[in-house]
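What follows is calculated from the coordinates using simple rules that are stated; it is not laboratory data. None of the values given here were measured: they were computed from a predicted structure. All Cβ positions, even for glycine, are placed from backbone atoms using ideal geometry, and neighbour counts span all protein chains on display.
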Amino acid sequence: MTRTMERIRTIATADDPRWARVLSRDRTADGAFWYSVSTTGIYCRPSCPSRTAHAGNVDLHDTLASARATGFRPCKRCNPEGVSRDAENLALVARACRIIERSEEPPSLSDLAEAVGLSAGYFHRLFKAATGLTPKDYVTAHQARSVRQTLAQGQSVTEAIYAAGFNSSGRFYEKANAMLGMTPSRYRAGGVDEALRFAVGQSSLGAILVASSAKGVAAILIGDDPEALVRDLQDRFPKARLTGGDADYELLVARVVGFVEAPGLGLDLPLDVRGTAFQQRVWRALLDIPPGRTVSYAEIARAIGAPKAVRAVAGACAANNLAVAIPCHRVVRNDGALSGYAWGVERKRGLLDREATPALELA
């Protein structure tokens with residue numbers, strides 16, 4: 001190849017948006033295209049971990065047949081002819097999840113790892129990377145889901161205990177409140193008479209309603225109309241018994257208002273976080289975003305190991321009952337635009353502005 005031809009191919013490859021995905025080893029591009037390298041005589045998938053080739057030696061291919069037509073051999077590291085390593089790993093994790101869901105008693109970590117042919121340590125890391133949960137957390141989430149379903153069907157607490165794989169009632173009751181947010185009998189009755197204390201305060205962002213269960217702060221809602229916030233609370237907790245807070249509770253509300261005014265200072269209060277396993281994975285990821293930073297919905301989806309679940313991530317953000325405490329205001333669109341905030345885009349902008357100027361918060 002002449003120098004001129006090499007320069008032309010270098011420019012053509014570098015200008016192709018697919019090349020950026022090769023440089024970043026984008027796993028989501030696997031199966032969308034392939035590339036071949038003339039100097040090594042191989043072809044690869046975009047996520048290939050091998051040393052990056054020079055763009056002038058690379059051709060990009062829309063199909064696997066086109067890559068094969070070069071006469072080169074498939075790369076042994078990334079196996080472009082078969083299933084990607086990521087897909088293989090996800091299949092193993094999915095198999096482990098099905099084992100958990102079908103087991104009468106929760107399987108141990110070593111049993112799960114042996115069932116999928118991996119060491120316990122590697123399997124644990126792989127499972128958490130793929131699901132955002134440890135195997136133990138997944139077992140707990142599955143048991144909680146089973147208990148809720150069984151109780152919702154009108155069956156007894158005892159039936160729910162053993163259907164979820166608990167081999168003793170004592171072990172179940174140790175976890176019951178954490179799983180359900182209330183006692184099993186109260187949950188079975190639809191949450192009737194669960195007591196939530198609440199009060200409304202005022203901040204520069206508008207009215208703030210704070211509600212707490214015996215476990216912790218269950219809701220922080222922001223709006224213009226205090227009465228509308230109370231109706232919103234009733235809609236979110238339709239079977240709970242709402243009680244206005246006393247003077248001591250007003251002090252707690254004042255702490256929350258102070259936190260909303262200066263979110264970078266943190267909120268040192270117990271939270272009663274209620275949601276599905278997926279929602280809680282998203283919310284945990286949100287808690288890792290430092291004040292003053294923003295990330296996209298797609299970045300959160302990748303962070304929890306579910307890169308295609310961007311819409312579901314947005315739905316989890318919208319379902320958040322705890323404004324600012326779970327910082328869904330730090331999630332923006334891919335283009336950086338502020339949208340999709342349950343309490344209004346202007347409030348989202350205001351919160352981000354405050355976090356971007358922490359010196360003002362401490363003045």
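In terms of overall dimensions, the stretch 234-300 has a Cα radius of gyration and Dmax of 15.3, 43 angstrom. Charge dipole of the stretch 245-363 (Cα centre as origin; +1 on each Lys and Arg Cβ, -1 on each Asp and Glu Cβ, all else neutral): 740 debye, rounded to the nearest 20. In straight-distance terms, cross-link reach from K239 covers every one of the lysines whose alpha-carbon lies under 20 Å from its own, apart from those fewer than eight places away in the same chain; here that gives K215. Between beta-carbons, use under 14 Å as the cut-off and find the net charge around A113, counting Lys and Arg +1, Asp and Glu -1. Every neighbour counted, the sum reads +2. Note on the stretch 241-363: Cα-Cα pairs beyond 17 Å make up 59% of the total pair count. Cross-link partners of K136 among lysines, defined as those whose alpha carbon lies under 17 angstrom from its own and excluding same-chain residues fewer than eight positions apart: K128, K175.
Once you order the gyration tensor axes a ≥ b ≥ c over the Cα atoms, which shape class does the stretch 192-291 get: rounded for a/c under 1.5, otherwise prolate or oblate by comparing a/b with b/c?
Numbers: a/c = 1.57, a/b = 1.10, b/c = 1.42.
Cα axes put the stretch 192-291 in the oblate bin.
Compute the label zone of D26 within the stretch 50-86: residues whose backbone N is under 16 Å from the point 7 Å along Cα-to-Cβ. Residues passing the 16 Å test: 60-63.
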